[in-house]
Structures are given as C-alpha cells and as structure tokens.
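> Sharing a structure with you now.
All of the numbers you see were taken from the coordinates with simple rules; none came from a lab. Please read these numbers as outputs of a predicted model, since none were measured by experiment. Every residue, glycine among them, receives a Cβ derived from its backbone with ideal geometry; neighbour counts consider all protein chains shown.
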Ligand code: SAM
Ligand code: SF4
C-alpha cells in the first residue's frame with residue numbers, strides 16, 4: 001500500500017478526550033506590537049529573537065495541517081499581526097482553503113493601527129469579519145492605555161475596513177477607574193455604526209507593572225449598570241468561546257461578555273492556540289503545551305506533524321484555572337497575552 005493511501009485515515013477530525021471537536025485555531029504570528037497596552041505588556045518588553053520564529057511558510061504548513069484535520073476557522077493574532085513583515089503573504093496562501101471550502105472563515109484580531117494600509121488586501125484574501133481592540137474613544141486616555149497609540153489612526157483604520165465591506169467587531173477590555181464610565185458610550189458608538197461590541201475582563205497573564213487586581217472590573221457590574229438603562233435580551237449567538245451575548249433592544253446591536261474569571265466556559269471549548277514559535281497551547285489558562293516546530297522542521301512529510309497534533313489534543317485539559325488572587329498579585333499564567341494572542 002502506498003503511503004498516500006494511508007493519509008485519509010490520519011486526517012480524521014481532531015477530537016479531544018472530552019469529545020470536543022477542535023475546529024478553531026488561533027495563531028499568534030508575532031509577539032511584537034506597535035502598542036504597549038498597560039494590561040497586556042510591560043513598558044520594556046523583551047521580544048523573541050527573530051530566528052526563533054516560524055517562517056510564514058511553516059505557519060502556513062501547520063495551519064493547513066489543522067485545516068486538513070477539521071479546523072474551520074483561523075484567526076491570526078499576536079502581538080499585533082499586521083506588524084509582522086510580509087504578513088499579507090500568509091493571508092494570501094491561507095485564502096486557498098477558503099476557495100476550496102475547507103475553511104469557513106479566515107480572520108484576525110488587530111489593534112487597527114495598520115488597517116488603513118491593509119484593509120483592501122485583507123478583503124481581497126477573503127477576510128470578511130475582523131475584531132478591532134479599542135478600549136476608549138478619548139484620545140488622551142487611548143494614549144495612556146496603549147502607551148503609544150494614536151486614536152485617530154485606529155478610527156481611520158476601522159473606517160477603511162468598513163469601506164471595503166468588512167464587518168468589524170469592537171473588543172474592549174473593561175478597566176476599573178479607566179474606561180468604566182465610558183462603556184455605554186462605546187456601545188452606542190459601536191452599535192450606531194452597525195458594529196457589535198465585546199467586553200473582556202482583565203485576565204491574569206504575564207508580569208506587568210500595574211496591579212491587575214486594581215484593574216479588575218467584573219463584567220457582572222458592567223452588565224447590571226447597562227441594565228439600569230437598556231433592555232438586554234440573552235442572545236443564542238455562540239462562537240464556541242467564552243463570550244456570551246445579549247441583544248440591546250434599544251440599539252439593535254449585540255454586546256458580548258467575556259468573563260473567564262467568573263464563569264466556566266470550558267465545556268464548549270473548540271479552540272487551540274499556536275504561538276509564533278510553534279508552541280501549541282491547548283488551553284489559554286494552563287501552562288501545558290506541545291512543540292510543533294520540531295515536527296515541522298524534522299520532516300517535509302506531515303506524518304510527524306499530525307502525530308504531534310494528535311498527542312497534543314489528547315492532553316487538552318477539561319478547563320482552565322484562572323484566579324486573580326487578591327492577596328498575592330502573581331499572574332495565574334506566566335506568559336503574556338501577546339504570546340498566545342488571547
Ligand atoms: N494586538 C491585537 C489586538 O490588540 O487586538 C491582537 C492581540 S491582543 C493580545 C488580543 C486581545 O487580548 C485584545 O483585545 C486585548 O485587549 C486582549 N488582552 C490583552 N491582554 C489582556 C489581559 N491581560 N486580559 C484580558 N484581555 C487582554
Ligand atoms: Fe499590542 Fe494588542 Fe497587546 Fe495592546 S493588546 S499591547 S495592541 S498585543
């Protein structure tokens with residue numbers, strides 16, 4: 001029997017020990033970023049040496065192996081995905097899976113700073129919906145949070161994406177004493193432009209300067225404040241991730257709540273995360289990981305890669321154990337969000 005005759009057998013969908021089908025891969029294509037958001041990075045981040053990164057071809061190969069094993073949705077993230085050199089090449093090559101129908105969605109999460117430059121190309125490569133992170137509409141506060149971002153550039157980027165027909169979802173991290181007085185305004189602005197808004201609770205990842213316990217604002221508080229003025233109707237929309245949605249009757253838009261610390265969302269988890277060095281994290285909230293770089297570099301044939309993927313998925317844990325400990329401010333997970341991309 002020829003080796004290729006065996007391949008269909010190894011291409012069975014990836015299903016973890018708890019019966020969850022892995023259909024969603026997030027890839028952090030770089031740990032670098034042009035911003036230094038206070039909750040995400042320290043002012044002086046040590047970035048990875050470039051030689052440790054997977055090449056764009058290697059990233060494509062791993063992503064394509066996941067697509068062959070049932071991944072239907074790919075999200076590129078970072079760091080800031082659009083700062084990686086020649087990143088459009090990766091979008092271009094991955095778009096072939098959209099054309100064959102093997103992939104349902106190719107998308108990205110971005111801070112929006114380079115969207116004006118890339119919106120048209122992204123649309124050309126089949127990117128239809130994107131997430132843009134934006135925590136405030138106040139230019140001074142924006143600079144404080146991002147330490148170096150320019151709000152106008154991001155708003156122009158969002159406008160450029162909308163002009164080329166992409167649907168934009170806004171992601172905002174809820175920060176106590178920083179943007180808690182602005183959530184309603186962010187919602188009205190987003191919904192006014194036909195964009196949904198997802199609110200995220202601060203997660204304890206990586207050492208940063210500011211005490212995360214101080215930044216932590218439970219979304220239950222935000223939600224009940226919104227309920228004082230708006231009618232929130234539970235919405236069945238699900239992505240397989242931690243977000244739960246409500247439809248705001250008065251605006252018609254959706255508000256998502258990502259509350260990994262206060263709710264358990266793991267039973268429907270359909271995703272894994274690949275870093276730019278080829279490390280696969282099976283859970284955002286756990287340290288266990290698998291090295292796919294060795295498998296990719298060891299052979300041009302995908303057999304070893306498929307085997308490494310199978311072994312990794314067999315270890316996907318049932319759930320995370322995030323806690324923001326109010327006595328000691330150590331992060332629950334040592335790596336920064338910019339490593340796994342959130
Ligand atoms: N640079 C891109 C961006 O900002 O959209 C993509 C990467 S960023 C790490 C992905 C998302 O994670 C952003 O929405 C960001 O606000 C969020 N994030 C970063 N650090 C976080 C933390 N400690 N807790 C909760 N969300 C965080
Ligand atoms: Fe960069 Fe995104 Fe992290 Fe902000 S949240 S520092 S934009 S990676």
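> Build a GNM of the chain with springs between Cα atoms under 10 Å: which of 164, 296, 154 gets the top mean-square fluctuation?
Sorting by GNM fluctuation, first place goes to 164.
> Follow-up question, since we're still on this one. What percent do you get for the relative contact order of region 18-340 when only Cα pairs under 8 Å and 6+ apart count?
21
> State the antiparallel share, in %, of DSSP beta bridges confined to region 18-340, rounding to the nearest 5.
30
> Sort 277-283, 87-93, 139-145, 309-315 by the packing proxy (mean of other Cβ within 10 Å over each peptide's residues), most packed first.
Highest to lowest by the protection proxy: 277-283, 87-93, 309-315, 139-145.
> Let me ask something else. With viscosity set to 1.002 mPa s at 20 °C, what whole-number translational diffusion coefficient in µm²/s follows for the chain from Stokes-Einstein and a Kirkwood radius over Cα pairs?
104
> Give the angle, between 0 and 90 degrees and rounded to the nearest 10, that separates the Cα long axis of helix 219-229 from the longest principal axis of the Cα atoms of the chain.
With rounding to tens, the tilt is 50 degrees.
> Also: Where the centre of each part is set by its Cα atoms, how far does region 223-243 sit from region 175-206, in angstrom?
Cα centroid to Cα centroid, the span is 13 Å.
> Let me have the 222 nm mean residue ellipticity of the chain computed from DSSP H runs of 4+ only, each contributing -39500 (n - 2.57), with the sum over all residues rounded to the nearest 500.
Calculated from helices alone, the mean residue ellipticity at 222 nm is -9500 deg cm²/dmol.
> In addition: Give me the mean projected area, in nm² to one decimal, of the convex hull enclosing the Cα positions of region 106-222.
Averaged projected area of region 106-222's Cα convex hull equals 7.6 nm².
> Under a 10 Å cutoff between Cα atoms, tell me which one of 19, 241, 165 has the largest fluctuation in the Gaussian network model of the chain.
Residue with maximal mean-square fluctuation among 19, 241, 165: 19.
> Which residue, 130, 233, 183, has the most motion in a Gaussian network model of the chain that connects Cα atoms within less than 10 Å?
233
> For a quick protection proxy, order the peptides 41-50, 23-32 by their average other-Cβ count within 10 Å, most packed first.
In decreasing order of mean packing, 41-50, 23-32 become 23-32, 41-50.
> Taking the 0 to 90 degree range and rounding to the nearest ten, how far is the long axis of helix 115-124 tilted relative to the main principal axis of the chain, both from C-alpha atoms?
50
> Taking 1 over the mean of 1/r across every pair of different Cα atoms in region 1-152, what Kirkwood radius in Å do you get?
Roughly 17.2 Å, rounded to one decimal.
> So, one more: May I ask for the angle, rounded to the nearest 10°, between helix 151-163 and the longest principal axis of the chain, with both axes built from Cα atoms and the value confined to 0 to 90°?
60
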